[in-house]
1. Which of ILE4, ILE91, ILE148 comes first, and how do the rest follow, when ranked by fewest Cβ neighbours within 10 Å?
2. At 0.36 nm per residue, and after removing the present C-alpha to C-alpha distance, how many nm does the segment from HIS29 to MET195 gain when stretched out fully?
3. Give, rounded to the nearest 20 debye, the magnitude of the charge dipole that the chain has about its Cα centre when Lys and Arg contribute +1 at Cβ and Asp and Glu contribute -1 at Cβ.
4. Counting other Cβ atoms within 10 Å, which chymotrypsin sites (Phe, Trp or Tyr not before Pro) in segment 97-201 have at most 15 and lie in a DSSP loop?
5. Given only helices, namely DSSP H runs of n ≥ 4 each adding -39500 (n - 2.57), what is the per-residue ellipticity at 222 nm of the chain, to the nearest 500 deg cm²/dmol?
6. Pull up the DSSP beta bridges for the chain and report the antiparallel fraction as a percent, rounded to 5.
7. What does the charge count near ALA72 come to, summing +1 for each Lys or Arg and -1 for each Asp or Glu among other residues with Cβ under 15 Å from its Cβ?
8. Stretch LYS17-MET212 to full length: gain in nm at 0.36 nm per residue minus the Cα-Cα span?
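Only the coordinates and a few stated rules stand behind these numbers; no lab work does. Not measured: the values here are computed from a predicted model. Here the Cβ is made from the backbone with ideal geometry for all residues, glycine too, and neighbour counts use every protein chain on show.
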Amino acid sequence: MSIIRTYIDKALALVEKNREYLMYEKEVHPEMKSEMAWETFKHKPGKVNLEQKGATTELLSLISEDDKIWKAIDGTITDNDIEKLESDLEITFPDSYKEYLRYKHFYTIFLDNDIRLYPKPLGSWDQVLKENNVAMKEVLLNHGYLGIGNFSDYGEVCFNLNEFADNPPIVMIDYENGEAERLAENFTALLEKIMTKPEPMVTELKSWEKKMYGVS
């Protein structure tokens, strides 16, 4: 199995294990909606921490009755779909990223608390990529960067298409100053690097955190 498929499968396993905190959205494509109901989890703590060594700790909230649990489904993205998006964005995706796009549909999955690649929901995966990049065109595309995810609240995870167009390095473009920080030599190297880290873990809030957030 390729590095890309291994990464996706492991990241899916992480969110599935903690689906009451990590696997829900306000709106879910009908074919990706899980039949599991929120009532299954209403006895769980209202808030927990998601911790990972060397990464930002995130506060997670329990699913509510207004949320919908999603499920991953087999990919439906074709080479023609990818070529159309490449034409719209006037760029060419590396082969590794094309493989990533073709393998399964899902919402947010991750193995690094700081790095969240864009979701790939059925019916709107291309809009996610297009809208994020067009919204930041002056910072990204106009300078040879293709956004593919977020780095915490600090910046955008991007391909640097100015270098080695067929297998470009991955950089983080800082939101404040627009500077590029190199994250990995290429896309598969980024995923390999992420998979060497200990997985994020859901942990109970400390007593002072429970008081602060009003959680019993």
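1. ILE91, ILE4, ILE148
2. Answer, rounded to one decimal: 56.9 nm.
3. On the way: 26 positive and 40 negative charges, 199 e Å.
Rounded to the nearest 20 debye, it is 960 debye.
4. Passing sites in segment 97-201 are TYR154, PHE164, TYR175.
5. On the way: 7 runs with 65 residues, N = 216.
Result for the chain: -8500 deg cm²/dmol, rounded to the nearest 500.
6. 100 percent
7. Taking every Cβ under 15 Å from that of ALA72, the sum is +4.
8. Extending this stretch completely gives an extra 67.5 nm.
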